[in-house]
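Undergrad: One structure follows; several queries about it will come next.
The values are calculated or read from the model by the stated rules, or taken from the named source; none is laboratory data. The model shown is predicted, which means the values in this text are computed figures rather than measured ones. Counting neighbours? That spans all protein chains shown, and the Cβs are built from the backbone with ideal geometry, glycine included. Quick note on the areas: whole protein, heavy atoms, side chains included, nothing else; ligands and nucleic acids left out. Shrake-Rupley method; radii C 1.70, N 1.55, O 1.52, S 1.80 Å.
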Amino acid sequence: MRGLNRKVIRSENFAEDAAKFIVKIAQQSLAERGRFRIALSGGNTPRPIYSRLATENLPWDKTVFTFGDERCVPPDDEQSNYKMANETLFQPAHVPKSSILRMRGELEPQKSASEYEEQLTICGQQGNESIYRHDLILLGLGEDGHTASLFPATAALQEAKRMVVANFVPKLNSWRLTFTFPLINAARQVCFLAKANKNPELIEKVLVGDQKYPAARVKPMDGHLTWILGE
Ligand code: 6PG
């Protein structure tokens with residue numbers, strides 16, 4: 001495994017800098033492979049970034065949007081990560097539905113996770129890949145050091161083979177759908193997007209690799225890890 005290639009960017013123009021970072025990787029991916037595979041993170045932090053990204057003139061028909069995780073709710077539920085991305089990015093940018101792989105949170109969790117994994121497997125096989133490789137996976141950082149829906153002390157942390165699983169989160173008393181570490185760490189680029197002042201101590205602990213925090217276990221095997229911290 002090559003040494004981890006990691007960069008930390010501290011930004012006074014969070015939405016602008018993050019959007020430009022995404023555009024740069026998109027252009028590189030499109031030039032090299034004729035497509036751009038990006039996984040969106042949920043929560044609130046990415047909202048202004050997605051709104052700014054929507055103003056970019058990228059070939060959305062050559063882009064494949066996936067989701068790093070999803071709540072087990074319908075797509076029109078306030079909790080839905082898809083709903084947030086649809087309002088801030090897909091609708092404003094007129095992203096074609098064919099470019100969006102939505103996790104169907106409205107289905108029974110295991111069924112939805114298997115369905116999504118099957119979709120990624122088929123797309124990966126079309127590219128002769130043993131595992132679906134994202135060009136970029138966006139991730140957030142939760143207060144407890146979770147990322148995607150890989151929460152501390154939950155079963156999904158141990159998943160070493162599957163790409164997408166249903167994960168019961170006791171502290172939320174709810175199921176989530178989430179990428180696993182094997183899928184995340186197969187990406188060419190992973191980028192954490194976080195507000196620097198939200199929990200600076202946690203960010204430092206994750207950056208030094210404290211494995212107590214799931215976010216610290218994100219190590220792209222053959223890729224690059226970037227943190228963009230909004231000051
Ligand atoms: C989710 C996210 C989750 C999120 C962090 C940070 O579905 O909630 O994927 O991992 O990125 O909890 O959330 P905020 O950006 O709202 O702080």
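Undergrad: Please work out if F179 is at pLDDT 95 or above and open to solvent by less than 10 Å² (accessible area, probe 1.4 Å). Working first, answer last.
TA: Working: at pLDDT 95 or above: yes; open to solvent by less than 10 Å² (accessible area, probe 1.4 Å): yes.
Spelling it out, F179 is indeed at pLDDT 95 or above and open to solvent by less than 10 Å² (accessible area, probe 1.4 Å).
Undergrad: Are any residues in the range 74-92 farther than 24 Å from I122 by Cα and surrounded by fewer than 18 Cβ atoms within 10 Å (Cβ to Cβ), and if so, which ones?
TA: P74, D76, D77, E78, Q79, E87, Q91, P92
Undergrad: Could you tell me which of the residues T154, T178 is polar (S, T, N, Q), farther than 26 Å from E32 by Cβ and within 14 Å of the chain's Cα centre (by Cα)? First the steps, then the outcome.
TA: Details: T154 fails: within 14 Å of the chain's Cα centre (by Cα).
Among T154, T178, only T178 is polar (S, T, N, Q), farther than 26 Å from E32 by Cβ and within 14 Å of the chain's Cα centre (by Cα).
Undergrad: Given the criteria without any contact (Cβ under 8 Å) to a residue 40 or more places away in the chain and open to solvent by less than 20 Å² (accessible area, probe 1.4 Å), does V169 qualify?
TA: Details: without any contact (Cβ under 8 Å) to a residue 40 or more places away in the chain: yes; open to solvent by less than 20 Å² (accessible area, probe 1.4 Å): yes.
Here the answer is yes, as V169 does meet what is asked.
Undergrad: Kindly provide the set of residues from the range 132-161 that are part of a loop (DSSP other than H, G, I, E, B), away from the ligand (no atom under 11 Å from the Cβ) and surrounded by 14 or more Cβ atoms within 10 Å (Cβ to Cβ), ordered by number. Break it down stepwise before answering.
TA: Of the range 132-161, the ones part of a loop (DSSP other than H, G, I, E, B) are 132-135, 140-146, 148-149, 151-154, 159-161.
In the following step, the residues that additionally are away from the ligand (no atom under 11 Å from the Cβ) were identified as 132-135, 152-154, 159-161.
Passing the criteria: Y132, R133, H134, D135, P152, T154, E159.
Undergrad: Still on this structure, please answer the following. So which residues in the range 39-64 are within 14 Å of the ligand (Cβ to nearest atom) and surrounded by 18 or more Cβ atoms within 10 Å (Cβ to Cβ)? Outline the logic, then answer.
TA: Of the residues in the range 39-64, the ones within 14 Å of the ligand (Cβ to nearest atom) are 39-50.
Passing the criteria: A39, L40, S41, G42, T45, P46, I49, Y50.
Undergrad: Of the conditions (1) under 16 Å from L89 (Cα atoms); (2) open to solvent by less than 60 Å² (accessible area, probe 1.4 Å), R71 clears all except one; give me its number.
TA: Unmet for R71, out of (1) under 16 Å from L89 (Cα atoms); (2) open to solvent by less than 60 Å² (accessible area, probe 1.4 Å): (1).
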